[in-house]
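Encoded as structure tokens, the structure appears first; notes follow it.
The values are calculated or read from the model by the stated rules, or taken from the named source; none is laboratory data. Source: prediction; values computed, not measured. Heads up, the Cβs are rebuilt from the backbone with ideal geometry, glycines too, and the neighbour counts pull from every protein chain shown. We work out accessible area using only protein heavy atoms, side chains counted, and drop any ligands, DNA or RNA first. Shrake-Rupley method; radii C 1.70, N 1.55, O 1.52, S 1.80 Å.
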Amino acid sequence: MSRVGKVGALFGVMIAAGAAAGWFLSAPHRPDHRIMTAAEPGNAERGLRIFHAGGCASCHAARGAEGEARFQLAGGVELRTPFGTFVAPNISQDASDGIGNWTLDDFAAAMLKGVSPDGRHYYPAFPYASYARMKPQDIADLFAFMQTLPPVAGQTAGHDLAFPFNIRRGIGLWKLLYMSDMPVVEIADASDKVLAGRYLVEGPGHCGECHTPRDFAGGPDTGRWLAGAVAAEGDGVVPNITSGEGGIADWSEADIAGYLETGFTPDFDSVGGSMVEVQKNMAELTSEDREAIAAYLKAIPAHPNGYPARQP
Amino acid sequence: MRKLLLAISILALAGTAASADPLADRKALMKERGKLTGDLSKMVKGQEPFDAASVLRTLEAMKDNAGKFDIGALYPEGSNTGDTTAAPAIWDNPDGFRDAEKKFEDAVGAALADAPADLDALKAKFGVIGASCGACHENFRIRKG
């Protein structure tokens, strides 16, 4: 074999090895099923709280749904992002179009690992990168609650994404880079209240999904955790909810908890944009939960705005 | 003389059709709404005692404010740029914007028609009025840096 041929062959082997490693590393994994069998049987009543904390209705119920319609989880809400358009699927109890046939292990695989029952990666528009921090018991309770909801027939349209984001297997590599079940913020001597707030914000509440800037690959920049970000949809920004410049340093814990309950800022501006839907969910939590969220937000590192200054 | 009359009538027309500084005018109206909402909220939160007469005055002021909300004058074509957080949807979906604004007007009207006699009644009316703020800001305002 000529020298050029040898180099070429070596190069080919390296590419093949790289591809094989990439294929291996990007494989979807379900969680160890023992973590769910260790949980108590799910309690639907407790699951309602997790349903609200997780904001499930905001994407999986119809846009603008009120009252009981917020429990009709037929999906269909579109998320128009720079990666393409994501469509929230039907997660009602319909056996064929929804998740009516799922087992608790299937549900845990989706929530904690972002993997479907047929072993494919979900796109992280479904905020499992946050849900990965949830307690197995909360997953079991949420599943029990969702089983009390009505089936709604109807398949949603598929996602419409640009290359290379339309290659699902690539999400496996994204997960290796960005997914963790560990807390984002370590707070020295944190009170139980702050820790409860951390769990709600970083886990089910998935606040960081919008309030933290993302890097080129769509992963959260945890060095600017909750510093605010350019909105994934539209041309606005999502505010800085740390105590850094541009943030909410002048809000008291009571101001934050009050905002989450009523939708009014301390100076009586109202909630706006996609936070309107989020605030409706937050209003359904207990004041204890809202106060815990407030305590956590006051305890985290302050960052200046995670989005560029406004152009005149 | 004819020219003067013409100029005056044009000015008069301009006065009804558009405001000189729509951005400032609409911001002032929204600021006032926020202040009035705050007045009611203090009672709802229990920071101030319930006072039926004061509630009525605030609701009347809200009604006046809503009456001044002339969408054509405050949101003319071209007033989507500059120091504003008005969303393009205001001009892309004018009917939706009008409906959203009407929610506030209707909520205030309903509260006036059945004036709250106690704190619980106020809480119920306040909830509807407050929800109308978010309902409009959800789609018709963009938060900017």
Quick one: would you say A:I139 is out of contact with any Pro (no Cβ under 9 Å at 6 or more places or on another chain), open to solvent by less than 20 Å² (accessible area, probe 1.4 Å), farther than 30 Å from B:T84 by Cβ and part of a helix (DSSP H, G or I)? yes
Take B:G46 and tell me if it is more than 29 Å from A:A309 (Cβ to Cβ), within 14 Å of chain A (Cβ to nearest Cβ) and part of a loop (DSSP other than H, G, I, E, B). yes
Among A:V152, A:V185, A:V201, A:V194, which is open to solvent by less than 40 Å² (accessible area, probe 1.4 Å), in contact (Cβ under 8 Å) with a residue 24 or more places away in the chain and under 13 Å from the mean Cα position of the chain (by Cα)? A:V201
Regarding the range A:75-88, can at least one residue be identified that is on the phi < 0 side of the Ramachandran plot, open to solvent by 40 Å² or more (accessible area, probe 1.4 Å) and touching a Leu at 6+ places or on another chain (Cβ under 8 Å)? yes
If you take the residues in the range A:106-121 that are open to solvent by less than 10 Å² (accessible area, probe 1.4 Å) and aliphatic (A, V, I, L, M), which one is nearest to A:G170 (Cα to Cα)? A:V115
Could you check, for the range A:256-268, whether at least one of its residues is away from every other protein chain (no Cβ under 14 Å) and open to solvent by 50 Å² or more (accessible area, probe 1.4 Å)? no
Among the helices (runs of 4 or more DSSP H) contained in the range B:68-145, which hold 3 or more residues that are open to solvent by 70 Å² or more (accessible area, probe 1.4 Å) and within 14 Å of chain A (Cβ to nearest Cβ)? B:119-140
All but one of (1) more than 8 Å from every other protein chain (Cβ to nearest Cβ); (2) farther than 15 Å from A:A249 by Cα; (3) open to solvent by less than 40 Å² (accessible area, probe 1.4 Å) hold for A:K280; which doesn't? (3)
By residue number, the members of the range B:55-67 that are surrounded by fewer than 15 Cβ atoms within 10 Å (Cβ to Cβ) and of a type in the set (G, A, S) are B:G67
